[in-house]
Amino acid sequence: MSKTNPAVRWGRLLRTAFPATVPVMTGFLVLGFAYGVLMDTKGYGPLWSTLMSLLAFGGSMQYVAITLLTTVFDPIQAFLLSVMVNARHLFYGLALLEKYKGLGKVRGFLIFALCDETFSLVSTVEPPADVDRKDFYLGVSILNYGYWVLATAVGGLMGDLIPFDTTGLDFALTALFVVLFMEQWKKRENRFAGATGIVCAVVALVIFGAEQMVIPAMILMAVILLGGRKRVCS
Amino acid sequence: MFLTPVQTIIMILAVMAGTQLTRWLPFILFPENKKPPEVVLYLGKVLPAAVMGLLVVYCLRNTNFLQAPHGVPEVLAVAAVAALHWWKGNVLVSIAGGTALYMLLVQVIFA
């Protein structure tokens, strides 16, 4: 990166990444806000919920952790459950080994803040032509992380004061994944993997149920994709 | 608050440690300066598309097709997103349109 004024550089970095993150912003503002409100109703005020979002950033696990914070103190269980709920990050890391190579100092933050939505954008969306790849990844990561932390804080502070009915607004995240799935589907060589992902997830959902589906789905996907490798290569 | 402040901090750190482990492990196992095995590179190439499929299903995992409204809002809204995206190819239009339709369905039509 050239030695421009840091404020200008950061402004540019966030501006170029912003459009890609708008759907995430919508979803995170709703879900982060709801998280702050929920924590507050359990007696954990904005300081606690924000601290959790800052350090343990990860939407679904933070919701699970609410249950853990309102029962007998058991940090080992909390640790193991976080590993299991977040096991899908292992796949994200594998998929980003090449993209996150040689990024220097920012790499640590990119890995720290890697979530479903950031992974989806970084792995699917091409950065604008005039933007440094590293700046785009960093901008997306900072913005998504920031939306979540900010929304948590506001939710914790304001409680249940939102003036309109937001039921269903979090569908924005589902819609984002549908769109990014279609973007992946455009490339012919991705279709086998995309179909595998859908089928394995549905099979795991039917057999193991909504709360246990992720890890069986991942194992099934890995087996089929590795089996398909020979077919594709030969 | 159910736990003491110290217990709460320990719980936050435990959740942080578990989550961070899943994020760092691949990068620790396959460091930057070494070329990962071919199998890993292959997985890296095919996983994004597969994971996107998994995430779509994961987002819809709590949809109950057996009880009213039988997943109709979800199916219609996903179809709307797909149709808009196929037609216009604009990410924001597809997402905003599908989400607006979904909100209308769950708040007004199937409320």
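Bear in mind these aren't lab numbers, they're just calculated from the coordinates by the rules spelled out. What you see is a predicted model; the values in this text were computed from it and never measured. Cβ placement follows ideal geometry from the backbone for every residue including glycine, while neighbour counts extend to all protein chains displayed.
Only helices enter the 222 nm calculation for chain A: every DSSP H run of n ≥ 4 contributes -39,500 (n - 2.57), and dividing by all residues gives -24500 deg cm²/dmol, rounded to 500.
Take every Cα pair under 8 Å whose residues are at least 6 apart in sequence, average their separation, divide by the length of chain A, and the relative contact order is 34 percent.
Within a 10 angstrom radius of the beta carbon, how do A:Trp148, B:Trp86, B:Trp24 rank from fewest other beta carbons to most? Walk me through the numbers before you get to the answer.
Details: A:Trp148 28, B:Trp86 10, B:Trp24 17.
Ordered by Cβ neighbours within 10 Å, fewest first: B:Trp86, B:Trp24, A:Trp148.
Test of understanding: ordering A:Asp130, A:Asp40, A:Asp116 by Cβ neighbours within 10 Å, fewest first, what list do you get? Mind showing how you got there, number by number?
Details: A:Asp130 6, A:Asp40 19, A:Asp116 25.
Ascending Cβ contact count within 10 Å gives the list A:Asp130, A:Asp40, A:Asp116.
Determine the calculated [θ] at 222 nm for chain B from helices alone, applying -39500 (n - 2.57) to every DSSP H run no shorter than 4 residues and normalising by the residue count; nearest 500 deg cm²/dmol. -24000 deg cm²/dmol, from helical runs alone.
Fully extending the segment from A:Leu47 to A:Phe73, taken as 0.36 nm per residue of separation minus the present Cα-Cα distance, adds 7.4 nm. For the protein assembly as shown, the percent of C-alpha pairs falling in each 20 Å distance bin, counted from 0 to the bin holding the largest distance, reads 29, 62, 10, 0. Listed by chain and number, the lysines placed with their C-alpha closer than 27 angstrom to that of B:Lys45 are A:Lys99, A:Lys101, A:Lys105, A:Lys134, A:Lys186, A:Lys187, A:Lys230, B:Lys34, B:Lys35; residues fewer than eight positions away on the same chain are left out. Compared with the dominant principal axis of the Cα atoms in chain B, helix B:91-104 is inclined by about 60°. Charges were assigned to the Cβ only: +1 to each Lys and Arg, -1 to each Asp and Glu. The resulting dipole of chain A about its Cα centre is roughly 1140 debye. Each residue, A:Phe112 and B:Thr4, gets one label point 7 Å from its Cα in the Cβ direction; the gap between the two is 2.9 nm.
Around B:Gly44, under 9 Å between beta carbons, what's the net of Lys plus Arg minus Asp minus Glu among the other residues?
Numbers: positive: A:Lys99, B:Lys45; negative: A:Glu98.
With Lys, Arg at +1 and Asp, Glu at -1, the net is +1.
Using Cβ counts within 10 Å as a stand-in for footprinting exposure, how do A:Arg229, A:Arg133 rank, fewest first?
By the 10 Å Cβ count, ascending, the order reads A:Arg133, A:Arg229.
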